[in-house]
């Protein structure tokens, strides 16, 4: 006798799906287990998302809050320590958007901002959309150039 070999007695477990709405003789005819009248007994019934049986739904019980600024510009941040590592491994003195995209640090629709974390050890020319004040001063202190490219790429036409 092994506990892993235990199974129910033959015929004691029914696997067949309950067939409803197949006549009175089946015992599941008539209302087809849906009860009498009401929305859930009708054909085509589907509960609306968030419906709680008439109780005030959660999304209406909670207060509204917050604000989304439609003019906000989101930047992909790249720090100076990452720039320094890129310059050392790839032996480049100029870094631009295309280079950052090729290295997987930004996607083609991202606006890139250089941030000031880390230390810059070499003279690098960087052409991106924006710079933090500390990053710009660190780049220029090493003799490099921090060049802001046009923010609205669509107006170059």
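If you bin every alpha carbon distance in the chain into 5 Å steps from zero, what whole percent lands in each bin?
Reading upward from the zero bin: 1, 7, 11, 11, 8, 5, 4, 4, 5, 5, 5, 6, 7, 8, 7, 5, 2, 0, 0.
Only Cα pairs under 8 Å and at least 6 apart count here; give the relative contact order of the range 75-156 as a rounded whole percent.
Value for the range 75-156: 30 percent.
Expected output is a single nm value to one decimal: the length gained when fully extending between residue 72 and residue 32, i.e. 0.36 nm times separation in residues minus the C-alpha distance. What is it?
Difference between extended and current length: 8.8 nm.
Just to check, using Stokes-Einstein with a Kirkwood Rh over alpha carbon pairs, what's the diffusion coefficient of the range 59-98 at 10 °C and 1.306 mPa s in µm²/s?
Rounded, D is 111 µm²/s.
Using helices alone, what [θ] at 222 nm do you get for the chain, with -39,500 (n - 2.57) per DSSP H run of 4 or more residues, divided over all residues and rounded to the nearest 500?
-5000 deg cm²/dmol
Go ahead and set up a Gaussian network model of the chain, Cα springs under 10 Å, then flag whichever of 102, 43, 12 fluctuates most.
12
May I ask what percent, to the nearest 5, of DSSP beta bridges between residues of the chain are antiparallel?
That works out to approximately 5 percent antiparallel.
Based on other C-beta atoms within 10 Å, arrange 75, 45 from fewest to most.
Ordered by Cβ neighbours within 10 Å, fewest first: 45, 75.
Taking 7 Å along the Cα-to-C-beta vector as the label spot, tell me the residue 14-residue 88 distance in nanometres, rounded to one decimal.
Using points 7 Å along Cα→Cβ, the separation is 7.4 nm.
At a Förster radius of 41 Å, what calculated FRET efficiency corresponds to the Cβ-Cβ distance of residue 22 and residue 61, to the nearest 0.05?
That gives a FRET efficiency of 0.45.
If packing is taken as the average number of other Cβ atoms within 10 Å across a peptide's residues, how do 140-150, 1-11 rank, most packed first?
Highest-to-lowest ranking by the protection proxy: 140-150, 1-11.
Compute the separation of the alpha-carbon centres of the range 25-55 and the range 56-102 and state it in Å as a whole number.
The range 25-55 and the range 56-102 have Cα centres spaced 49 Å from each other.
Can you run the Rg to Rh ratio on the range 1-91? Use alpha carbon positions and the Kirkwood inverse-distance Rh.
Rounded to two decimals, Rg over Rh is 1.39.
Find how much the distance from residue 79 to residue 147 grows on full extension, using 0.36 nm per residue of separation minus their present alpha carbon separation; answer in nm with one decimal.
Extra length from residue 79 to residue 147 when fully extended: 22.9 nm.
To the nearest 10 degrees, how steeply does helix 80-90 sit against the main Cα axis of the chain, on a 0 to 90 scale?
On a 0 to 90 degree scale, this one is about 80.
Taking 7 Å along the Cα-to-C-beta vector as the label spot, tell me the residue 134-residue 39 distance in nanometres, rounded to one decimal.
5.6 nm
Equivalent ellipsoid semi-axes for the range 75-156, as square roots of 5 times the alpha carbon gyration tensor eigenvalues: give them largest first, rounded to whole Å.
Values for the range 75-156, descending: 19, 14, 11 Å.
Using alpha-carbon pairs under 8 Å, 6+ residues apart, how would you state the relative contact order of the chain in percent?
Relative contact order comes out at 14 percent.
We did not get these values from a lab; they are worked out from the coordinates using the rules stated. What you are looking at is a predicted structure, and each value in this text was computed from that prediction instead of being measured. All Cβ positions, glycine included, derive from the backbone under ideal geometry; neighbour counts span all protein chains shown.
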